[in-house]
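The structure under discussion appears below in the form of C-alpha cells.
The values are calculated or read from the model by the stated rules, or taken from the named source; none is laboratory data. The structure displayed is predicted, hence computed values, not measured ones. Cβ: placed from backbone, ideal geometry, glycine included. Neighbour counts: every protein chain shown.
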Amino acid sequence: MTIPPFSLSNIVTVLLALACILVVLHQRRTHRVNVALTGALAVAAVVVALLLLTEELNPTPYRDAMWLGGLVLGFAAGRFRARRLAVEFRPGAHLAAGSFSADRLAVSALLLAAAGLDLVFVLQRQPLVPMIYLATAAALGAGYHAGWCYAVIARIVALKAL
C-alpha cells in the first residue's frame, strides 16, 4: 500500500475533526442547538471526509461506491435521528432540545479517530488499514452530521411556517 507524504492537510483534518467534537460538546453542555454552528459542523465534517478521500491514491469504482455509500447511509441515519428529536423552537436561531443522545458525539469521535489514524499512518509511512476505510468512516460521519443538520433546518422552517 502506498501512502501520501505528510502535508498540511493532515493537520487540518485533525483540527477540523477536533472542532466537530468541541461543537457537539458545547451544544450538549448548553442544551441548545445553534443552527449556524450545526451547519458549520456539517461543513467541517464534509471537508474532513473529502480530505481523507483525496489521500486515496488508487481510486476505483468500488472504492468510490464505498465512500458514497457511507455518505448516503450516514445522511439517512442522521436525518432519521434528528426527526425523532423532541425540539422546541425559540427565536435567535436556536433550538432547545429536551434530551441529547450520545450519537452525535460518537460520530464526531469517529471523525476524529479517522483523521488521527490518517495522521499516524502518514507519520509512520505505513498504513495499517487501507486509506479508503478511513475515508469511508469519515464519509459516514459527515453524512450523519449533514443529515442531522438538514432535518433540524427543515423542522425550523416548518415551525416558522405555522
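Of all the listed residues (A93, A102, A161, A86), the sole one being over 23 Å from N10 (Cβ atoms), touching a Ser or Thr at 6+ places or on another chain (Cβ under 8 Å), surrounded by fewer than 17 Cβ atoms within 10 Å (Cβ to Cβ) and at pLDDT below 90 is A86. For segment 134-158, filtered to residues that are over 13 Å from the mean Cα position of the chain (by Cα) and either buried (at least 19 other Cβ atoms within 10 Å of the Cβ) or of a type in the set (A, V, I, L, M) (or both), the residue that is farthest from L37 (Cα to Cα) is A158. Restricting to segment 15-27, and then to whatever is closer than 18 Å to G147 by Cα and of a type outside the set (G, A, S), can you tell me which residue is surrounded by the most Cβ atoms within 10 Å (Cβ to Cβ)? Restricting to residues being closer than 18 Å to G147 by Cα and of a type outside the set (G, A, S), the top hit is C20. Checked against the criterion of being of a type in the set (S, T, N, Q), in contact (Cβ under 8 Å) with a residue 24 or more places away in the chain and under 14 Å from T136 (Cα atoms), the candidates T54, T38 yield just one match: T54. Counting residues in segment 107-116 that are at pLDDT below 85, within 22 Å of T30 (Cα to Cα) and β-branched (V, I, T) gives zero. Checked against (1) surrounded by fewer than 17 Cβ atoms within 10 Å (Cβ to Cβ); (2) closer than 23 Å to E88 by Cα; (3) not basic (K, R), L41 meets all criteria but (1). Screening the candidates V12, V33 for the property of being touching a residue at least 24 places away in the same chain (Cβ under 8 Å), over 12 Å from the mean Cα position of the chain (by Cα) and surrounded by fewer than 16 Cβ atoms within 10 Å (Cβ to Cβ) yields one hit, V12. Out of (1) part of a helix (DSSP H, G or I); (2) of a type outside the set (F, W, Y); (3) more than 12 Å from G78 (Cα to Cα), what's the single condition that is false for Q126? So the condition that Q126 fails would be (1).
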